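The next block holds one structure in the form of C-alpha cells; read it before the comments.
The values are calculated or read from the model by the stated rules, or taken from the named source; none is laboratory data. These numbers were taken from a predicted model, which means no experiment stands behind them. Quick reminder, even Gly has a Cβ in these numbers, built from the backbone with ideal geometry, and neighbours come from all protein chains shown. Areas reflect the complete protein model, heavy atoms only, side chains present, ligands, DNA and RNA absent. Shrake-Rupley method; radii C 1.70, N 1.55, O 1.52, S 1.80 Å.
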Amino acid sequence: MYKLYFLPGACSLATQVVLHELGQPVQLINKQQVADFNQINPVGTVPVLVDNGQAYREGAAIMLYLLDKHPNTLLPNSGQARLQGIQNILFANATMHPAYSRLFFIAQNISANTAQAEAYQRASQAINQLWQVVEEQLAQQPFLGGAQPSAADIMLTVYSRWGGAFPVTINIGPRTQQMLDHVLAMPSFQRALAAEQAQAA
Ligand SMILES: N[C@@H](CCC(=O)N[C@@H](CS)C(=O)NCC(=O)O)C(=O)O
C-alpha cells in the first residue's frame, strides 16, 4: 500500500484524489504528526509518496510516476495529447501553485499593513491572469485534457480552494468554475477530503 505524507487541504490532496481515481489504497500520514519530517523530505514539503519503502518527492514527479504506473484516463499514453497533458500538469504545479504560494508567504512574512495589502494585490493579480489563461484553454473543451477530467484539472481544483483564506479577490471565469465544480463533486475528491478530516479528528 502507498503511504502519502500530507497537510490538510494542501497540494497533497490532489495526489490523494489521483490515488483514489487509480483505485489504489493509501495510508495517510499527517506531516504535523511526524517528529522529524526533514528526514523524509529535507525541503520540508508535502506531498511525499512512499512506494515499497522508496520515498518520492515533488508533486508533479509523483503525479507522473503514478499515472505511468497505473492505467488511467487522467493522462494520455502517447503523442501530442500526452505532451499537452504533461504541460498542463506542469502549468498547475510549477506556475499556478507558486502563484498561490506567494499568498502564504505574504501572510507569514510581511507584517506592515500597507506593504501587505500591496503585496496581496500584486499576488492576486498574477493568479487572476493565470485563471484567465485556464478560462481561454477551456473555450473548446470542458476540461484541460479534453472531454474528461485530467490530472491537471484535479491539481487546479485543489489550489482554487486556497484563495478564500486570504484577503484577496480571485476571479475565476464561468467555464473554469464549471470545471472546478465538476472535479470537486467527483467521489474521489470528496473521499480524499473526508479522509483528511478523519485524520485530523
Ligand atoms: N514543488 C513542491 C512544492 C510543494 C509545496 O509547496 N507544498 C506545501 C503545501 S501545498 C508545503 O508542504 N509547505 C510546507 C508547510 O506548509 O509546512 C511540490 O510540488 O511537491
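When the criteria are applied in full, Ala192 fails the requirement of being within 28 Å of Gln121 (Cα to Cα) and either part of a loop (DSSP other than H, G, I, E, B) or touching a residue at least 40 places away in the same chain (Cβ under 8 Å) (or both). Among the residues of the stretch 75-90, those identified as open to solvent by 40 Å² or more (accessible area, probe 1.4 Å) and touching a residue at least 24 places away in the same chain (Cβ under 8 Å) are Pro76, Ala81, Gln84, Leu90. Exactly one residue out of Gln116, Gln137 is more than 22 Å from Gly59 (Cβ to Cβ) and either open to solvent by less than 70 Å² (accessible area, probe 1.4 Å) or without any contact (Cβ under 8 Å) to a residue 24 or more places away in the chain (or both), and it is Gln116.
Take the residues in the stretch 3-24 that are surrounded by fewer than 19 Cβ atoms within 10 Å (Cβ to Cβ) and either of a type in the set (Phe, Trp, Tyr) or over 15 Å from the mean Cα position of the chain (by Cα) (or both), then tell me which one is farthest from the ligand (Cβ to nearest atom). Filtering the stretch 3-24 for residues that are surrounded by fewer than 19 Cβ atoms within 10 Å (Cβ to Cβ) and either of a type in the set (Phe, Trp, Tyr) or over 15 Å from the mean Cα position of the chain (by Cα) (or both), the one farthest from the ligand (Cβ to nearest atom) comes out as Gly23. Could you list all residues from the stretch 157-189 that are touching a residue at least 60 places away in the same chain (Cβ under 8 Å) and in a loop (DSSP other than H, G, I, E, B)? Within the stretch 157-189, Arg161, Trp162, Phe166, Val168, Met186 meet the criteria.
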